[in-house]
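J.: Please read through the structure below; I'll follow up with questions.
Every read-out reported here was derived from the displayed coordinates using simple, explicitly stated rules and does not represent laboratory data. Every value quoted in this text rests on a predicted model; they were computed, and no experiment measured them. Cβ: placed from backbone, ideal geometry, glycine included. Neighbour counts: every protein chain shown.
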Amino acid sequence: MTTTTADELRSRGLRVTAPRLAVLAALDGNAHADTDFLVRAVRERLGTVSTQAVYDVLRVLTAASLIQRIEPAGHPARYELRVGDNHHHAVCRLCGAVVDVDCSVGHAPCLIPQTDHGFTIESAEVTYWGTCPDCTP
């Protein structure tokens with residue numbers, strides 16, 4: 001038996017609303033979408049919705065761990081459905097394309113710090129910077 005998007009929302013104690021479903025649908029197949037893309041996609045699906053409503057949905061879904069927010073330096077925040085697996089990202093310096101990079105060594109947090117300063121380390125964020133194949137001459 002598969003879990004539906006509505007069931008996932010309910011399992012996190014969230015109400016099932018059209019804007020929440022529209023954001024999740026827009027992210028399905030559009031990993032690393034920025035807010036502008038998501039606002040357009042939600043409006044296309046629902047008609048009228050405020051930009052603030054989409055921001056509110058993104059905040060709630062991120063807090064509920066249904067989506068992940070990434071913020072590559074110098075680029076707008078991006079959102080994705082892939083959560084909880086401690087994967088990393090590669091970002092093109094020229095066009096800003098973002099792709100997933102699986103954890104390269106062992107299990108989360110993938111990187112072992114020299115000292116943890118008393119922290120219980122749960123995950124590590126790595127951003128690989130370079131040039132994507134489309135931008136490479």
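J.: For R40 and V16, FRET efficiency with R0 = 25 Å and r from the beta-carbon atoms, rounded to 0.05? All intermediate terms of the calculation are to be shown ahead of the outcome.
T.: On the way: r = 22 Å, r/R0 = 0.90.
Once the sixth-power term is evaluated, E becomes 0.65.
J.: When the Kirkwood radius is taken over all Cα pairs of segment 84-137, what Stokes-Einstein diffusion coefficient follows at 25 °C and 0.890 mPa s, in µm²/s? Working shown, then result.
T.: Values: Rh = 12.6 Å.
In µm²/s, the coefficient rounds to 194.
J.: Span-like helices, the chain: DSSP H, alpha-carbon axial extent 15 Å or more, mean Kyte-Doolittle 0.0 or greater, which ones?
T.: 51-63
J.: Put +1 on the Cβ of every Lys and Arg and -1 on every Asp and Glu Cβ in the chain; which of P137, H32, V42 then has its Cα farthest towards the positive end of the dipole?
T.: V42
J.: Now, a different point. Calculate for the chain the 222 nm mean residue ellipticity that helices alone would give, adding -39,500 (n - 2.57) per DSSP H run of length 4 or more and normalising by residue count, nearest 500 deg cm²/dmol.
T.: Working: 4 runs with 42 residues, N = 137.
Rounded to the nearest 500, the figure is -9000 deg cm²/dmol.
J.: Something else about it: Sort L38, L111 so the one with the fewest other Cβ atoms within 10 Å of its own Cβ comes first. Please report the intermediate quantities before stating the final value.
T.: Numbers: L38 22, L111 16.
Lowest count first: L111, L38.
J.: Determine the gain in length on full extension of the stretch A31-D116; use 0.36 nm per residue of separation and subtract their C-alpha separation, reporting nm with one decimal. Working shown, then result.
T.: Working: separation 85, 0.36 × 85 = 30.60 nm, distance 3.16 nm.
So the chain would gain 27.4 nm between A31 and D116.
J.: Based on the alpha-carbon gyration tensor of segment 5-79 and its eigenvalue square roots a ≥ b ≥ c, which shape applies: rounded if a/c is under 1.5, prolate if not and a/b is larger than b/c, or oblate?
T.: On the way: a/c = 1.78, a/b = 1.21, b/c = 1.47.
Note, shape of segment 5-79 comes out oblate.
J.: OK, next. Which of rounded, prolate, oblate describes segment 52-95, given a ≥ b ≥ c as roots of the alpha-carbon gyration tensor eigenvalues and a/c under 1.5 marking rounded, otherwise prolate only if a/b is larger than b/c? Walk me through the intermediate numbers first.
T.: Numbers: a/c = 3.25, a/b = 1.37, b/c = 2.38.
The shape class here is oblate.
J.: Quick check: convex hull over the Cα atoms of the chain, volume per residue in Å³, rounded to an integer? Don't skip to the end; give the middle numbers.
T.: On the way: hull volume 22.5 nm³, N = 137.
Normalising the Cα hull of the chain by residue number yields 164 Å³.
J.: Let me ask another. Mind listing the long-range amide H neighbours of H32? Cut-off is under 5 Å, sequence gap 5 or more, other chains count too, H placed in the peptide plane at 1.01 Å from N.
T.: Residues meeting the criterion, in which the H sits 1.01 Å from N, are Y79, E80, L81.
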